[in-house]
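*Asks:* Starting off with a structure, shown below.
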Amino acid sequence: MAAGKGTRLKSKHPKVLHEVGGKPLLAHVIAAATQVVPAQDVYAIIGHEAERVRQAVASSGVKFVEQKPQKGTGHALMVARDALSGYDQVIVLYGDAPLITPATITHLRDFHAAKRAAMTILTGRLSDPTGYGRVLRKNSKSDEVQAIVEEKAATPAQKKIHEINSGTYAFAVARLFRHIDKLSADNAHAEFYLTDMAAILRKAKERVVAVAATDPNEVLGGNTRAELVEIDQHLRFAKCQRLLHDGVTIFYPQTCVIDADVMIGADTVIEPFVQILGNSRVGSDCRIRSYSVIRNTIIADGVLVLPGCIMDDSHIEKNAVVGPYSRLRPGSEIGEGAHVGNFVETKKTRLGKGSKANHLSYLGDAEIGEGVNVGAGTITCNYDGLQKHTTVIEDGVFVGSDTTLVAPVRVAKGAYIGAASCITDDVPEDSLAIGRARQIVKEGWMKQKREARAKAGKT
Ligand code: UD1
Ligand code: CA
């Protein structure tokens with residue numbers, strides 16, 4: 001269910017698209033669901049900002065049902081009646097509870113089947129149950145449930161119950177829809193609460209049971225910013241724990257932000273305050289030093305990332321050294337054993353095996369071969385005000401410091417460029433190119449100046 005607005009977030013974005021662990025709430029729920037049943041049997045109920053929500057998760061292959069207007073969680077299921085007509089059982093998941101695992105969904109499904117229940121509620125025992133619906137069991141030892149009461153309708157005694165409704169349920173489809181029209185919107189929000197189905201089915205002598213999640217954190221829902229941050233921390237913590245278990249060292253994991261889909265090889269060391277995001281992959285035996293932000297970047301084995309680097313959609317081959325303070329923009333490919341150093345920015349640029357660009361450079365739209373030395377302060381002038389052009393620097397070239405390469409331009413194999421050159425024309429193989437004004441020396445010039453000033457009585 002993903003049709004609600006999420007009023008409590010005070011956001012212009014729909015709640016289920018708010019991110020935890022680096023991806024939207026709803027994407028987590030869909031990922032769990034599609035590990036239990038095929039995507040074509042998963043229906044996302046969308047309504048508020050339906051198109052945005054649909055686009056954000058369309059690639060998962062799930063189907064969509066529109067709920068417009070949104071008149072509550074019970075109403076959301078009423079709207080899905082036709083979609084569900086071909087099924088015996090349905091599992092309902094709330095799009096704002098992203099920590100649910102496939103194992104727990106499977107356990108709920110099996111428990112529901114074994115009990116032959118009309119409705120099975122997944123519950124959680126929380127130390128602070130504030131805000132959640134409370135589950136009223138027949139008695140403390142029984143599986144059977146009398147009702148769910150929402151926080152706003154709960155009596156002080158009911159508020160003391162710590163067992164909460166997670167919003168994950170299994171229903172027998174025919175029995176659900178036989179009674180769903182009995183839901184009323186006679187409550188604090190004037191909505192049809194799906195939770196009322198528990199009491200309605202009970203009254204109709206149907207079996208309603210509850211099963212508690214083993215890990216109570218799994219049922220946490222994100223209605224407020226504070227809850228979203230708490231869920232995010234759970235995800236990050238769990239991610240770091242898995243990586244530690246798999247042989248990755250993470251110093252001060254509580255300072256690192258590592259997204260759910262990131263992969264890191266054994267014997268890699270992650271220093272404090274590092275972010276590794278999106279679908280980044282880091283090989284083994286790497287060291288990622290502090291304050292780097294790495295997004296959608298592939299890093300091979302044995303790479304050293306020195307402090308303060310920013311990388312997006314880039315590729316670094318093995319044993320390369322990057323940083324400190326390097327910025328790899330999308331399309332940067334750093335070859336095996338290559339070095340990119342202090343304050344070097346690359347964009348859509350390939351730096352070949354063993355090549356070095358160690359200081360203060362901008363390399364954009366450049367194809368740089370192997371064993372090239374790019375001197376300090378080298379700039380590729382890739383933009384003429386209208387279009388981008390390519391700079392090609394072939395194998396073994398030496399580019400002197402403070403060179404500007406006005407693209408399109410090619411420097412052929414083994415050539416040498418004198419420092420401070422402005423290179424506008426292609427440079428042939430093994431040649432020397434110097435493109436700067438020749439130095440002028442005027443001997444005695446300063447001495448004459450001083451003497452002239454002394455004569456005029458100035459010091
Ligand atoms: C709900 C439960 C509460 C439970 C809690 C668990 C109800 C009435 N209450 O409360 O017992 O403890 O979840 O997190 O169900 N949605 C729709 N269409 C609507 C309304 C909501 O699709 O018309 C979706 C929302 O997008 C959301 C989910 O249903 O993903 C839950 O709705 P929400 O308003 O967050 O319910 P809670 O107040 O958290
Ligand atoms: Ca909620």
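The values are calculated or read from the model by the stated rules, or taken from the named source; none is laboratory data. Bear in mind the structure is a predicted one, so any value in this text is a computation, not a measurement. Every residue, glycine as well, gets a Cβ built from its backbone with ideal geometry; the counts of neighbours run over all protein chains shown. Remember, those area values only see protein heavy atoms, side chains included, never the ligands or the DNA or RNA. Shrake-Rupley method; radii C 1.70, N 1.55, O 1.52, S 1.80 Å.
*Asks:* Give me the strands (runs of 3 or more DSSP E) completely within region 112-163, filtered to those with at least 1 residues that are within 18 Å of K205 (Cβ to Cβ) and among the hydroxyl-bearing types (S, T, Y), ordered by residue number. Break it down into steps so the answer makes sense when it comes.
*Replies:* Numbers: elements: 119-125, 134-137, 145-149.
In region 112-163, 119-125 are the strands (runs of 3 or more DSSP E) which contain 1 or more residues that are within 18 Å of K205 (Cβ to Cβ) and among the hydroxyl-bearing types (S, T, Y).
*Asks:* Could you grab the pairs with beta carbons closer than 6 Å, sequence gap of 6+ or different chains, first residue in region 294-306 and touching a residue at least 12 places away in the same chain (Cβ under 8 Å) and acidic (D, E), second one open to solvent by 50 Å² or more (accessible area, probe 1.4 Å) and in a loop (DSSP other than H, G, I, E, B)?
*Replies:* D301/D285; D301/K318
*Asks:* Regarding G352, is this residue farther than 30 Å from D384 by Cα, in contact (Cβ under 8 Å) with a residue 24 or more places away in the chain and not aliphatic (A, V, I, L, M)? Outline the logic, then answer.
*Replies:* On the way: farther than 30 Å from D384 by Cα: no; in contact (Cβ under 8 Å) with a residue 24 or more places away in the chain: yes; not aliphatic (A, V, I, L, M): yes.
When the stated conditions are applied, G352 does not pass them.
*Asks:* Mind checking whether some residue in region 54-62 is among the basic types (K, R), in a helix (DSSP H, G or I) and surrounded by 21 or more Cβ atoms within 10 Å (Cβ to Cβ)?
*Replies:* Let us first name the residues in region 54-62 that are among the basic types (K, R), namely 54.
With in a helix (DSSP H, G or I) added as a condition, the list becomes 54.
Then keep just the ones that are surrounded by 21 or more Cβ atoms within 10 Å (Cβ to Cβ); that gives none.
Looking through region 54-62, none of the residues is among the basic types (K, R), in a helix (DSSP H, G or I) and surrounded by 21 or more Cβ atoms within 10 Å (Cβ to Cβ).
*Asks:* A further question follows. Failed condition for L194, given (1) under 19 Å from G72 (Cβ atoms); (2) surrounded by fewer than 18 Cβ atoms within 10 Å (Cβ to Cβ); (3) within 15 Å of ligand 2 (Cβ to nearest atom); (4) of a type in the set (A, V, I, L, M), with all others met?
*Replies:* Just one mismatch for L194, condition (2).
*Asks:* Restricting attention to region 313-337, report how many residues are of a type outside the set (D, E, K, R) and open to solvent by 60 Å² or more (accessible area, probe 1.4 Å).
*Replies:* First, the residues of region 313-337 that are of a type outside the set (D, E, K, R): 314-316, 319-326, 328, 330-332, 334-335, 337.
Filter again for open to solvent by 60 Å² or more (accessible area, probe 1.4 Å), leaving 315, 319, 325, 330.
Residues that pass the stated criteria total 4.
*Asks:* Go through T106, T155 for me and flag whichever is of a type outside the set (A, V, I, L, M, F, W, C) and within 31 Å of the chain's Cα centre (by Cα).
*Replies:* Working: T155 fails: within 31 Å of the chain's Cα centre (by Cα).
Residue meeting the stated conditions: T106.
*Asks:* In region 366-374, is there at least one residue being farther than 24 Å from G337 by Cβ and open to solvent by less than 50 Å² (accessible area, probe 1.4 Å)?
*Replies:* Going residue by residue through region 366-374, those that are farther than 24 Å from G337 by Cβ are none.
No; the residues of region 366-374 include none that is farther than 24 Å from G337 by Cβ and open to solvent by less than 50 Å² (accessible area, probe 1.4 Å).
Conditions tested, residue by residue: (1) open to solvent by less than 90 Å² (accessible area, probe 1.4 Å); (2) part of a helix (DSSP H, G or I).
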| site | (1), (2) |
| --- | --- |
| A419 | yes, no |
| D430 | no, no |
| R436 | no, no |
| I440 | no, no |
| K449 | no, yes |
| A452 | yes, yes |
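*Asks:* Can I ask one more? Could you tell me whether region 232-243 includes any residue that is farther than 29 Å from G6 by Cα, away from ligand 2 (no atom under 16 Å from the Cβ) and open to solvent by 20 Å² or more (accessible area, probe 1.4 Å)?
*Replies:* yes
*Asks:* Which one of the conditions (1) more than 18 Å from I91 (Cα to Cα); (2) in contact (Cβ under 8 Å) with a residue 40 or more places away in the chain; (3) away from ligand 2 (no atom under 13 Å from the Cβ) does V208 fail to meet, given that it meets all the rest?
*Replies:* That leaves (1) as the condition not met.
*Asks:* Just checking, which of T73, T34 is within 27 Å of L108 (Cα to Cα), open to solvent by 20 Å² or more (accessible area, probe 1.4 Å), away from ligand 2 (no atom under 15 Å from the Cβ) and touching a residue at least 12 places away in the same chain (Cβ under 8 Å)? I'd like the intermediate steps shown before the answer.
*Replies:* Values: T73 fails: away from ligand 2 (no atom under 15 Å from the Cβ).
Only one candidate passes the filter, namely T34.
*Asks:* Considering only region 346-364, state which residues are open to solvent by 20 Å² or more (accessible area, probe 1.4 Å) and either closer than 13 Å to N382 by Cα or part of a loop (DSSP other than H, G, I, E, B) (or both). I'd like the intermediate steps shown before the answer.
*Replies:* The initial filter retains those residues of region 346-364 that are open to solvent by 20 Å² or more (accessible area, probe 1.4 Å), namely 347-348, 350, 353-354, 356, 358-360, 362.
Once the filter is applied, which keeps residues that are open to solvent by 20 Å² or more (accessible area, probe 1.4 Å) and either closer than 13 Å to N382 by Cα or part of a loop (DSSP other than H, G, I, E, B) (or both), region 346-364 yields K347, K348, K353, G354, L360, Y362.
*Asks:* So, one more: Cβ-Cβ below 7 Å, separation at least six or inter-chain, first residue in region 382-399 and assigned to a strand (DSSP E or B), second at pLDDT 95 or above and among the small types (G, A, S): which pairs?
*Replies:* T391/A366; T391/A407; I393/A366; I393/G369; V399/G375
*Asks:* Considering only region 16-41, state which residues are of a type in the set (D, E, K, R) and at pLDDT below 95.
*Replies:* Filtering region 16-41 for residues of a type in the set (D, E, K, R) gives 19, 23, 41.
Within region 16-41, just K23 meets the criteria.
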